[in-house]
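Take a look at the structure set out below.
Every number here is computed from the coordinates shown, using simple stated rules; none is lab data. Remember, predicted model here, so these are calculated numbers, not experimental data. All Cβ positions, even for glycine, are placed from backbone atoms using ideal geometry, and neighbour counts span all protein chains on display.
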Amino acid sequence: METLEFAPGLQLGIKLIDEQHARFFELMNQLIALDAGSDERAVVAGVIGELVTYVTVHFRTEEELMARFDYPEIQAHQLEHARFAGQVEEFHRRFERGDIGLEDEMMAYLVDWFTTHVRREDPKYVPLFKANGV
Ligand SMILES: [Fe+2]
Ligand SMILES: [Fe+2]
């Protein structure tokens, strides 16, 4: 898989959120760089573990802001987050058990989900967040 770019079209204009979204692509690029090489499964597992933590922290950031500003679509958004977080955790577990490698399929799924979510769902809260000075 080729190195990913955090495309300008994905930026929401909210510094805190854009920085967190950029971090997702950094972590994925670390995985892509390791993919070609290696039997360094422990290193790869460590990065996937960082991805699990990242997802938890990022989703919590968005959900806390949504709750604080009474975002009307919070439930649907949270549900999407929870589903993806579950997938990433399962990916981590299965990789640590040695059931799977760093398959392109899994990598493509993560990138597609995240990119689509940032493009379609996250922009919906932007006016509310901005109106509240975030
Ligand atoms: Fe997000
Ligand atoms: Fe989100």
If I model a spin label at Arg60 and Ala82 as a point 7 Å from the Cα along the Cα→Cβ vector, what separation in nanometres do I get? 1.7
Mind jotting down the distance between the C-alpha centroids of the stretch 107-134 and the stretch 33-103, whole Å? 15
For Asp99, Asp18, what ranking results if the residue with the fewest other Cβ atoms within 10 Å of its Cβ goes first? Asp99, Asp18
Along the stretch 17-33, what does the Karplus equation 6.51 cos²θ - 1.76 cosθ + 1.60 (θ = phi - 60°) give for ³J(HN,Hα), rounded to whole Hz, x for Gly and Pro? 6, 4, 5, 5, 4, 4, 4, 4, 5, 4, 5, 4, 5, 4, 5, 4, 5
Only four residue types carry charge here, +1 at the Cβ of Lys and Arg and -1 at the Cβ of Asp and Glu. Report the dipole size of the chain about the Cα centre in Debye, rounded to the nearest 20. 480
What does the highest-first list of 100-107, 111-118 look like by mean Cβ count within 10 Å? 111-118, 100-107
Descending Cα extents along the principal axes, the stretch 74-134, whole Å: 47, 19, 18
Tell me, what HN-Hα J-couplings in whole Hz come from the Karplus equation 6.51 cos²θ - 1.76 cosθ + 1.60 at θ = phi - 60° for each residue of the stretch 75-91, using x for Gly and Pro? 5, 5, 5, 4, 5, 4, 4, 5, 5, 5, 4, x, 5, 5, 5, 5, 4
Integer Hz, Karplus 6.51/-1.76/1.60 couplings in order for the stretch 54-68, x for Gly and Pro: 4, 4, 4, 5, 5, 5, 5, 4, 5, 5, 5, 5, 4, 5, 4
Inter-site label distance for Thr116 and Asp104 at 7 Å from Cα along Cβ, in nm: 1.9
What dipole magnitude, in Debye to the nearest 20, does the stretch 11-84 give about its Cα centre under +1 on Lys/Arg Cβ and -1 on Asp/Glu Cβ? 80
Taking the C-alpha atoms of the chain, how large are the radius of gyration and the largest Cα-Cα span, Dmax, in Å? 15.5, 49
